[in-house]
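Data block below; observations after.
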Amino acid sequence: METKDYIVFLLYFIIVAGYGLYIYYKKKSASGDSKDYFLAEGSLTWWAIGASLIASNISAEQFIGMSGSGFQIGLAIATYEWMAAATLIVVAIFFLPVYLKNKIFTMPQFLNVRYNGTVSMIMAVFWLLLYIVVNLTSILFLGALAVSSISGLDFQLCMIGLAVFAIIITLGGMKVIGYTDVIQVFFLILGGLATTYIALNLVSDHFGGAGVLDGFGIVHERATDHFEMILHPDNPNYIDLPGLSVLIGGMWVINLSYWGCNQYITQRALGADLPTARNGLLFAAVLKLLMPLIVVIPGIAAYVLYNDGLFQEEMLAGGELNPDRAYPVLLNLLPTGLKGLSFAALTAAVVASLAGKANSVATIFSLDIYKKIFEKDASERKLVNVGKITIVLSMVLAIIIAPHLGIDKKGGFQYIQEYTGFVSPGIFAMFLLGFFWKKATSNAALFATIGGFLMSVIMKFLPGFVDLSFLAPFNFAVPVNGVYEIPFVDRIGFVFLFCVIGMYFISIYENKKGVVPKGLEVDPTMFKTKTGFAVGALIILGITAALYTLFW
């Protein structure tokens, strides 16, 4: 980067940090209330909630990992974005009312209210490990990889810099995170679109086209196989995105678990009233529809240029082709000034996501572990201080362990999805039945928690001991290096069904023994929506259906 780029980036840093300080002092709570700090209770508007959801969700795993998957797989990877748009509508209509009606502020709290303290504590520990070992580490690692590639700075220094920037924002609490995320999303989308524009324009110039639209047409023509949303079993990437399962199978479990049963995400909406929270999720769904244009199309454009002889050395890492280098390579082609803007967009995505994850780690540890085990009578101010210490320690831990997890050996985005999938089926099963089936018992939830995780591990390593070729005719197993493996999206779907069936029979058995579960307050009128929301939701679902029809 040149001087102008650093000036643009510095302006971004000053704007975000300055606005964060302004929000912190303007909306600072004199009481030091923990819910105000962790949830920004009653303070976030619908546009701040929606922007914060996207800023926290879109990170290096999308910019770097999903662009890499776009390079390797194609538009099919966009199913994580477009299915998320539909999922957000489902969560807004059916999940949020249950949380808000029952005054739920954290996911472990929900499990404690609906089941018991044992289930709650086990899952609190699970979530902490997941957020720190999988999410924080991968975001830091992939973010530092990109920042280092563009700036030329030392990789370890980049990791520390990103962590420190995130800590500065996170220590201000959810209010600061929520409102600074609005600026982060502005930079994220503007810089992302600039990169897409340059990538398509480069394709157009390289192949003698005229402008961005020609560039898109050339990309589509030269990489037709990269514009299939539903992959066939003979596609080498079927193991990652198994055909119709992305529409009617495990992808729903992945998305509903992530968007509806995830502290890191739902935390943004739990401090608002229902109409505001719903409108926030609707706004986030609109932004989700745009994301593939920003993070997937550049990867496909890089694939087309690579196949025609460009970036042969730049795409290599350790002497081998590394798809995750596609986005950093494109950023290095941007003109002075614009490169600084896109660099700021990438940094914004990484920092916002780190801040959101760290805040959720602090919330769960402070409210669901520290207050229950270490100091039951802890003051509100003490809980806030414990949360701030937790933020710093979790980030330091992520910096230490991130380089040793082999994140660079597997596509960054797929790494996160697969390993989150070890716990998401069990989590979603006990949340779903906990919401809508009053007979579900605590022991059934424990079965889903522990049994679902063990089942996921068994199915992951089963191909090493059992020949699964008998599943191939049903497209539930595909050959990988001579061994038939179950695609992890299908594995998640199977484990979810296993958990639901297990929970059903355990609950029925215990009901007959006289066990009376703690049902939640659920009223059908809770799920009614306002006309404006309903119209917006139908438009989003219609656009999603049209996109799948167009790129089937």
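The values are calculated or read from the model by the stated rules, or taken from the named source; none is laboratory data. Being a predicted model, the structure only gives us computed values, none of them experimental. Here Cβ is always computed from backbone atoms with ideal geometry, including for glycine, and neighbour counts include all displayed protein chains. Heads up: the accessible areas ignore ligands, DNA and RNA and are worked out on the full protein's heavy atoms, side chains in. Shrake-Rupley method; radii C 1.70, N 1.55, O 1.52, S 1.80 Å.
Observations, loosely collected:
- Carbon/sulfur fraction of accessible area - the chain, other protein chains in place, 1.4 Å, %: 66 percent
- Other residues with beta-carbon under 15 Å from the beta-carbon of TRP552 carry, at +1 per Lys or Arg and -1 per Asp or Glu, a net charge of -2.
- Each other residue within a Cβ distance under 14 Å of GLU521 adds +1 if Lys or Arg and -1 if Asp or Glu, for a net charge of +4.
- Computed from the Cβ-Cβ distance with R0 of 30 Å, the FRET efficiency linking LEU190 to LEU310 stands at 0.70.
- The residues of the chain expose, per residue, 38 Å² of accessible area to a 1.4 Å probe.
- Gain on full stretching of the segment that runs from VAL535 to LYS513 - 0.36 nm per residue minus C-alpha separation: 3.2 nm
- Sorted on the mean count of surrounding Cβ atoms within 10 Å across their residues, most packed first, peptides 518-524, 63-69, 188-194 read 63-69, 188-194, 518-524.
- The modelled label-to-label distance for the pair ILE543/LYS26, using points 7 Å beyond Cα in the direction of Cβ, is 2.8 nm.
- Based on Cα contacts under 8 Å between residues 6+ apart, segment 412-529 shows a relative contact order of 38 percent.
- Under the membrane-span-like helix rule (DSSP H runs whose alpha carbons stretch at least 30 Å along the helix axis, mean Kyte-Doolittle hydropathy -1.0 or higher), the chain yields 3-26, 174-206, 274-295, 338-363, 380-401, 488-512.
- Reported value for segment 309-390: 132 Å³ per residue, from the convex hull of its C-alpha atoms.
- Of LYS101/LYS388; LYS382/LYS518; LYS439/LYS518; LYS103/LYS372; LYS357/LYS460; LYS103/LYS371, pairs whose Cα-Cα distance is over 20 Å: LYS101/LYS388; LYS382/LYS518; LYS357/LYS460
- Trypsin sites (Lys or Arg not before Pro) within segment 362-405: DSSP coil, no more than 15 neighbouring Cβ in 10 Å: LYS376
- Candidate residues TYR238, TYR419, TYR303, TYR197: accessible-area rank, largest first, probe 1.4 Å: TYR197, TYR419, TYR303, TYR238
- Entry note, the chain: the mean residue ellipticity at 222 nm calculated from DSSP H runs of n ≥ 4, each adding -39500 (n - 2.57), is -20500 deg cm²/dmol after division by the residues and rounding to the nearest 500.
- Between GLU375 and LEU471, full extension at 0.36 nm per residue minus the direct alpha carbon distance yields a gain of 29.4 nm.
- Charge tally in the Cβ shell below 14 Å around GLY50, where Lys, Arg are +1 and Asp, Glu are -1, GLY50 excluded: +2
- FRET efficiency estimate (nearest 0.05) - Cβ-Cβ, THR45 to ILE160, R0 30 angstrom: 0.35
- Stretchable slack from ASN385 to GLU320, in nm (0.36 nm times residue separation minus alpha-carbon distance): 18.8 nm
- Overall dimensions of segment 86-221 by Cα: Rg and Dmax, Å: 21.5, 65
- For the chain, the relative contact order works out to 30 percent when only alpha carbon pairs closer than 8 Å and six or more residues apart are counted.
- For the chain, the Kirkwood estimate of hydrodynamic radius, built from reciprocal distances between every pair of different alpha carbons, is 23.8 Å.
- Listed peptides 470-481, 359-370, 103-114 appear in the order 359-370, 103-114, 470-481 once ranked by packing, highest mean of other Cβ atoms within 10 Å at the front.
- Largest to smallest in accessible area, the residues LYS460, LYS26 fall in the order LYS26, LYS460 (1.4 Å probe, all protein chains included).
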